[in-house]
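Heads up: the structure comes next, in structure tokens.
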Amino acid sequence: MKDLNKSTCILLLGGVGSRYSNINEPPKQLIKIYKRTLIENILIHLKKNGINNFILPLGYKKDYFYKFFKTKKKIGKYYIKLSKEIDENIGSKSINLNLFDAGKNTTKLTRIKKSLNFVKSNFFFVTYGDGLANINIRNIYKMHLKTGKSVVSSTKINSQYGHLKTNKINNVIKFVEKPILDMPINIGYYLFNKDFFIKNYSKNKELESEFLKAIVKKKKLVTYLHQGFFFNIDKKIDLVKLKKEKKIFIKDF
């Protein structure tokens, strides 16, 4: 998929991240998970899936990211190239990164819009910087080609709560521990058509609460159901939970 190799992924890293750390502490994307930081694991997996160019629209805690990447020569086996230009001919052993200040008080949707100044292809990927998934990016791209629509990834997960099945007089007849929820959740891997995104963009809208709902009404959004590993790091306690998934994590990453 030559077009996929020329594509770009925007990593949304500009938030405060207050549920994980305070404003004076490093962002969660730079925490070590076994041998590498969270963001290194994300970049390596996406690179393995064929994406070579990454745009990081920074906001809060931007200095941590600048310092980290300016002193980082390699991520795993891949060499780091810092550039403001998309490199469509970058080799298989390198990752091209564009870091820029998108502003502290900008929405995720506006950070994406600002990033499009650097995007050359007619489609692009977007993901957050706090989730790990062994997701098949090529399948998302195939779905986009087949439908011509934007794609959001989803997965069915285990509920963290036990569920009670009751009868009409409230007698418990069955207890189900951590059932799989029927309705899939959004796990934050997107593919958008560039022209379509710009046409539907509004600086007053937010990505999840308004933009996605708007394109759903236009019947321009499909989902790719991911059936593999997914873990989101929101709070520090999530790191403890992730370590319990060590065998799965090492196998998939």
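The values are calculated or read from the model by the stated rules, or taken from the named source; none is laboratory data. Because the structure is predicted, anything quoted here is derived from the model rather than measured. So basically every Cβ, Gly included, is an ideal-geometry build from the backbone, and we count neighbours across all protein chains shown. Side chains are part of the model used for accessible areas, which takes the heavy atoms of the whole protein and leaves out ligands, DNA and RNA. Shrake-Rupley method; radii C 1.70, N 1.55, O 1.52, S 1.80 Å.
Report which label in (i) 19.1, 67; (ii) 18.8, 60; (iii) 27.0, 85 holds the value of Rg and Dmax of the Cα atoms in Å derived from the coordinates of this structure. Entry (i).
Taking all Cα pairs closer than 8 Å and separated by 6 or more residues, the relative contact order of the chain comes to 22 percent. With the helix formula -39500 (n - 2.57) applied to DSSP H stretches of n ≥ 4, the chain reaches a computed 222 nm mean residue ellipticity of -7500 deg cm²/dmol. Ligands, DNA and RNA left out, the accessible area of the chain computed with a 1.4 Å probe is 51% carbon and sulfur. Take the Cα of LYS104, step 7 Å toward its Cβ, do the same at LYS81, and the gap between the two points is 3.4 nm. On a per residue basis, the chain carries 55 Å² of accessible surface, using protein heavy atoms and a 1.4 Å probe. Residue by residue, region 120-128 carries 3J(HN,Hα) couplings of 9, 6, 8, 9, 7, 9, 9, 8, 8 Hz when phi is fed to the Karplus relation 6.51 cos²θ - 1.76 cosθ + 1.60 (θ = phi - 60°); x denotes Gly or Pro. Counting only alpha carbon atoms, the long axis of helix 38-48 and the longest principal axis of the chain meet at about 70°. For region 145-152, 3J(HN,Hα) computed residue by residue from phi via the Karplus equation (6.51, -1.76, 1.60; θ = phi - 60°) reads 5, 6, 9, x, 10, 5, 10, 10 Hz, glycine and proline entered as x. Potential lengthening of the chain between ILE31 and ASP238 amounts to 73.3 nm, from the contour at 0.36 nm per residue minus the alpha-carbon distance. For the chain, the antiparallel share of DSSP beta bridges with both residues in that region comes to about 50%. Which shape class applies to region 96-139: rounded if a/c is under 1.5, otherwise prolate when a/b exceeds b/c and oblate if not, where a ≥ b ≥ c are the square roots of the Cα gyration tensor eigenvalues? Judged from the Cα gyration tensor, region 96-139 comes out oblate (a/c at least 1.5, b/c at or above a/b). One chain, two ends: ASN134 and LYS205. Fully extended at 0.36 nm per residue, the span grows by 22.6 nm beyond their Cα-Cα distance. Within the chain, what's the longest stretch lacking GluC sites (Glu not before Pro) that sit in DSSP loops with no more than 12 other Cβ atoms inside 10 Å? That would be 86-176.
A crude spin-label estimate for the pair LYS168 and ILE198, with each label 7 Å from Cα along the Cβ direction, gives 6.1 nm.
Amide H contacts of SER94: TYR79, each under 5 Å away and 5 or more positions distant or on a separate chain (H built 1.01 Å from N in the peptide plane; Pro and chain starts excluded).
3J(HN,Hα) couplings calculated from phi for region 27-33 with the Karplus curve 6.51 cos²θ - 1.76 cosθ + 1.60 (θ = phi - 60°) are, in sequence order, x, 5, 5, 9, 6, 7, 10 Hz; Gly and Pro show x.
A dipole drawn for the chain from +1 and -1 charges on Cβ atoms has a positive end, and of ASN136, LEU212, ILE233 the residue lying farthest that way is ASN136. Residues whose amide H falls under 5 Å from that of TYR224, counting only those 5 or more places apart or on a different chain, are VAL152, SER153, SER154, with hydrogens built in the peptide plane. Note on the chain: with charges restricted to the Cβ of Lys and Arg (+1) and Asp and Glu (-1), its dipole about the Cα centre is near 300 debye.
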